[in-house]
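For reference, the structure discussed in these notes is given below.
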C-alpha cells in the first residue's frame, strides 16, 4: 500500500473527512469529487480517496485533477470494508462521511448533516435521502428492516429514526466509528453498513435520516445488481452471495437471544427453500452452489468465531428488545419484491 503526499501540507484541522472508496470509477469519480469540492458549508473539509488497485486510469485522473485530495493507492484489491477502514484511520476530521465513487452530494449535504448532528442529544449515524442518478426518483430516506434483515425503503419524510443507512453516503462521528471498530473486514463487501447500524442501535446510538438535502446514486454500479431496471429486479451472483452470507452473520451477532432462537431457524429454512425454487426455475445449479450453499457452508465454518464475537457484542447491549426492533417491519420484504417485480434476474 502506498499513500501519496497529496494535501499533506494542509495543516488546517478539517471538521469532516469525506472518504471515497474507488475501484475502476473513472466514469463516475469526477461527479463525485466535484460534488464534495462544491459544498456550500462554512467549515473545512478533507477529501480522502482509497484506490483499490483500479485497472482503469482512475489514479492518474485523481492525481492530476484533484491535488487537494489525499490519495491512498493500493496495488492489491482489498475490498470495500478495508478501503474505508484505512481512510478512517488517517481521517483528521471530527466527523467522517463515507461516500461511494458513484454517488453525488447535493451542495448543502455536509452543512445539513452537521447542523442536524449538532441538535442531537446523542450523536450517531446519519444518512440523507437517496435519489436515482438516472431518473432523479427518490429511492429511500433510510430503511427499515424485515425479520430477515432485508432493508425496506422508508419514503416518509416525517420519519427520522430508521434501522439502516446505506454505506454509499453515511455520516458518523469518528469517535463513534472507533468505538464500534469500523467495518468488519471479513465481510469483504456488502452489508457492512447493516453491521455498523445494528451495532450502533444495539449500543444505544441513534441511526437517523434527514428529510432534506440528499445525494444521487448510480445504484448497483460498483458491484452490479441491487436495482430495478425495466420494472425488473436485477442482481448478480457475487452480490447475492455476499448479501445472504453477511446478513446471516449480522443476525447471529446482533439479534437478542429469544428473537434469534425463533427467527434464525426460519431464516435458514426459507433460505434453503428459496434456493431450491430459484435454482429449479432458472435451471442453473450454480445459483444454489454459489449463493445458498455458500451461505450455509460459510456460516457453519465460521460458527466458533461468530459465537465468540456475538458474546462480546451482546455484553455491550444497552437497549431493550422492543427498542431494538422498533424500526423493523413484520412482513418479509422479499415477498413484497416478488409480488411487485417477480423472480429477480441474476447475472453471472
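The values are calculated or read from the model by the stated rules, or taken from the named source; none is laboratory data. What you see is a predicted model, and the numbers here were worked out from it, not measured in a lab. Positions of Cβ are generated from backbone atoms using ideal geometry, with glycine treated the same way; all protein chains shown enter the neighbour counts.
Which residue pairs have Cβ atoms under 7 Å apart, sit 6 or more places apart or on different chains, and have a first residue in the stretch 53-64 that is over 16 Å from residue 32 (Cβ atoms) and a second that is part of a loop (DSSP other than H, G, I, E, B)?
Correct list of pairs: 53/75; 53/76; 53/77; 55/24.
May I ask you to verify whether residue 234 is within 24 Å of residue 126 (Cβ to Cβ) and at pLDDT below 95?
The answer is no for residue 234.
Would you say residue 149 is modelled with pLDDT of 95 or more and closer than 22 Å to residue 34 by Cβ?
No: the conditions fail for residue 149.
Considering (1) over 28 Å from residue 205 (Cβ atoms); (2) in contact with a helix residue (DSSP H, G or I) (Cβ under 8 Å, 6 or more places away or on another chain), say which one residue 299 fails and leave the rest.
(1)
Just to confirm my filter: which helices (runs of 4 or more DSSP H) fall fully inside the stretch 104-221 and include at least 3 residues that are within 14 Å of the chain's Cα centre (by Cα) and in contact (Cβ under 8 Å) with a residue 24 or more places away in the chain?
Ranges flagged: 192-202.
Select, from 291, 278, the only residue that is touching a strand residue (DSSP E or B) at 6+ places or on another chain (Cβ under 9 Å), under 19 Å from residue 187 (Cα atoms) and buried (at least 16 other Cβ atoms within 10 Å of the Cβ).
291
Sort through 138, 110, 99 and tell me the only one that's within 27 Å of residue 242 (Cβ to Cβ) and surrounded by 20 or more Cβ atoms within 10 Å (Cβ to Cβ).
Going through 138, 110, 99 in turn, the sole match is 99.
Return the residues of the stretch 13-30 that are under 20 Å from residue 57 (Cα atoms) and over 20 Å from the mean Cα position of the chain (by Cα); say none if nothing qualifies.
Result: 26, 27, 30.
Taking the stretch 31-52 on its own, how many of its residues are crowded, with 16+ Cβ neighbours inside 10 Å and more than 16 Å from residue 112 (Cα to Cα)?
Looking only at that region, the number is 10.
Which of the residues spanning the stretch 248-275 are more than 23 Å from the chain's Cα centre (by Cα) and closer than 18 Å to residue 235 by Cβ?
Those that are more than 23 Å from the chain's Cα centre (by Cα) and closer than 18 Å to residue 235 by Cβ: 270, 274, 275.
Could you check the stretch 304-319 and list, in sequence order, the residues that are farther than 12 Å from residue 257 by Cβ, without any contact (Cβ under 8 Å) to a residue 60 or more places away in the chain and surrounded by 11 or more Cβ atoms within 10 Å (Cβ to Cβ)?
305, 306, 307, 309
Please state which one of 228, 190, 257, 219 is more than 17 Å from residue 167 (Cβ to Cβ) and modelled with pLDDT under 95.
228
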